[in-house]
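To start, the structure under review is shown below, and the notes come after it.
Each reported figure results from applying straightforward, stated rules to the coordinates on display, with no laboratory input. These numbers come from a predicted model, not from an experiment. Cβ atoms come from the backbone with ideal geometry, glycine included; neighbour counts cover every protein chain shown.
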Amino acid sequence: MRTELLAPAKDKETAIEAINCGADAIYIGASCFGARHNACNSLDDIREVVNYAHKFWVKVYVTVNTILTDSELEDAVDLVKELDKINVDAVLIQDMGLLNKLVNLHLPLPIHASTQCDNRDFEKVEFFHNVGLSRVVLARELSLEQIKQIHEQNPDIELEAFVHGALCVSYSGQCYLSQYIGGRSANRGECAQPCRKKYSVIDEKGNIIKKDFYALCLKDFNASNHIKDMIDSGIYSFKIEGRLKDKGYVKNVVSYYRQELDKYSQKSSSGKIIYPFTPDVEKSFNRGFTDYFLKGRTDCFNLISPKSMGKYLGIVKRADKNSIYIETGMDIRNQDGLCFVQNDKLDGFLVNKVQKTDKGCIVYPNKQILISKGTKIYRNLDVQFEKELLKPVKRQIGVNVNIENNIITVKDEDGTSILKKFDSAETAKNQQKMNETFLKQFFKTGDSDFYIIHIKINSDIPFMPISEINELRRNVFDELMKKRLSEYKRDTQKTLKYADFYKKELDYRANVHNKNAQDFYEKCGSGVNEWSMETNIPNRQIELMRTKHCIKYALNMCKSSKKLFLKDEKNVIFPLKFDCKKCEMVLITPKKFMQLH
């Protein structure tokens, strides 16, 4: 069985690193209209990424997944046309107005429904399948059982699911808190991340339940222990979140999941990867890990801090104002960053000096630290590992070579092959030495995109100087790569069409932001009662966020009947509602007339 490891890239350099580290596909933002406003790339850069990726039969997907105004729509269509011309493998979209335009364009470029489309039930997936889309990116909140049900009811559409990275606390595409607070729309790629801010929880009388904590902050997703289960449930593409992450993060996480996926499936691209480091996702930015709701509710929240915790090292055995004795089996080095939680606050320091002991290390911080015996210590900056991540990763395609009757045949691991005649007809005086010289030189693939699996010599090799052997090797590999690229075939988008939408009345949560989106839904049998919240905030109390994260659960208040409210640092008060049957929490707009006693 083949699967796809899908890696993020904020820019050309990161994309190439992700490909080198084993990604089967990468997703990257274009110059505009992507859900990460600060991760834009020119068409020229994307073209370079495509040309590099396709050497390894790696796919390139481009995000065009914001909602669009009427004035932006034509530019978005033009962008998709240009992306098609430079041979990208798919575009991810959210806006149904853009889809409405693409229905009549008949482009061969595959269209994927972004997770921003709120793909959490089989009816939505079935709708996109009926429209003709190639793939749906599922909501992060789904359980393995829900994924399996969606796949069984829609077996003919590719399913993509997140496997690692930061979590949005709300269902994607359904978070309006940033827009409401400051006019920065998550659906327009400008989320201000209010979920990473401090709040207080109060009751209807104004009593403080818990003060100034990160009430909406989630841990980071890590589904590495459930990869086989996800494959069995119907997931084809395993997506790593992180289009704003740096190259080191992407290299480490992609390398780690390449090795994990290879335990259960074949990769859908070519080449072996040689790593100069041992991947370890705990050593890259993380807020602690959760498998979220794959197998039911867990402690998915980090109420302490939105900053990185890093990797657990050990516990404090003793400490004074100048040094800390940490019991650990791992090395600690000068300039490492260590952190710990004490009194519900994250604190940390840099290491100035280390003294090893039999059972750990005595570290000397760069500042005075008051720390209790038994405190857990984490490392959120591993300087040695960061240096290792700077080393280049090599990805090469395996080839077999056959030599017979002055003809060399080179065939790569995917079956692409070329034939080339030797120019030299001069007989070698010492055939054994000639063969040995040829083998030695031809195996020197160096920094090329290929490596030799096996060379079989079936007849005498004519005399060739070392320089000619090297030139032959370079020419053969150049021709083989040209043929690989010529044989690369994009998937082709099925004919798009209108299909019945399963909801007949739509409000602001459909994110209709232009006339074409309204027209699309009407052609699919649905009436649009309201346009997007980015167009106009409805004059009533509405949902700003719906989430599987539950503050009642986090504060051990599931049995409490108290009405709870979230108060931000500006004293704006948001009522919370709890849909216990669905195990969901809803944050709604404040009542302007509401007064707390």
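Values as computed for the structure displayed
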{"quantity": "For segment 201-358: rounded, prolate or oblate by the Cα gyration tensor [a/c cutoff 1.5]", "calculated": "oblate"}
{"quantity": "All-pairs alpha carbon distance profile, segment 414-548, 10 Å steps from 0, percent", "calculated": "9, 24, 15, 6, 8, 12, 13, 10, 2, 0"}
{"quantity": "Net length gained if the chain between THR298 and ASN405 were fully extended (0.36 nm per residue, minus Cα distance)", "calculated": "31.9 nm"}
{"quantity": "Potential extension, THR278-LEU390 segment - 0.36 nm per residue separation minus Cα distance", "calculated": "39.0 nm"}
{"quantity": "Distance between segment 1-50 and segment 93-159 - C-alpha centres, whole angstrom", "calculated": "21"}
{"quantity": "Base-10 log of normalised Debye intensity for segment 1-59 (one unit scatterer per alpha-carbon) at q = 0.13, 0.20, 0.28 Å⁻¹", "calculated": "-0.30, -0.67, -1.16"}
{"quantity": "Proxy reagent accessibility, fewest Cβ within 10 Å first, across GLU160, GLU4, GLU479, GLU126", "calculated": "GLU479, GLU126, GLU4, GLU160"}
{"quantity": "Principal-axis tilt of helix 466-487 within the chain, Cα atoms, nearest 10 degrees", "calculated": "50"}
{"quantity": "Approximate spin-label separation LYS376-ASN539, in nm, with each point projected 7 Å along Cα-to-Cβ", "calculated": "5.2"}
{"quantity": "Distance from segment 429-485 to segment 310-355 (C-alpha centre basis), Å", "calculated": "54"}
{"quantity": "Around TYR325: net Lys/Arg minus Asp/Glu count, Cβ-Cβ under 10 Å", "calculated": "+2"}
{"quantity": "Read-out Cα extents along the principal axes in Å, derived from the coordinates shown; its label in [x] 103, 72, 38; [y] 82, 77, 51; [z] 75, 61, 54", "calculated": "[x]"}
{"quantity": "Nearest-ten-degree value, helix 431-442 long axis tilted from longest Cα axis of the chain", "calculated": "20"}
{"quantity": "Helix 247-261 axis, angle to the chain major axis (alpha carbon atoms, nearest 10°)", "calculated": "80"}
{"quantity": "Distance between segment 501-571 and segment 377-427 - C-alpha centres, whole angstrom", "calculated": "52"}
{"quantity": "Cβ-based net charge around CYS583, under 12 Å, with every Lys or Arg adding one and every Asp or Glu removing one", "calculated": "+3"}
{"quantity": "Radius of gyration, Dmax [segment 304-389; alpha carbons; angstrom]", "calculated": "11.9, 35"}
{"quantity": "Additional length obtainable on full extension of the chain from ASN207 to ASP229, 0.36 nm per residue less Cα span", "calculated": "3.5 nm"}
{"quantity": "For the chain, size of Cβ-based charge dipole, Lys and Arg +1, Asp and Glu -1, in debye", "calculated": "2300"}
{"quantity": "Gyration tensor verdict on segment 475-563 (Cα atoms; rounded if a/c is under 1.5, prolate if a/b is larger than b/c, oblate otherwise)", "calculated": "oblate"}
{"quantity": "Peptides 198-206, 166-174, 558-566 ordered by average Cβ neighbours within 10 Å, highest first", "calculated": "166-174, 198-206, 558-566"}
{"quantity": "Rounded, prolate or oblate (a/c below 1.5 giving rounded, otherwise prolate when a/b exceeds b/c) for segment 396-487 by Cα gyration tensor", "calculated": "prolate"}
{"quantity": "Simple label model, 7 Å out from Cα along Cβ direction - GLN149 to SER561, nm", "calculated": "3.1"}
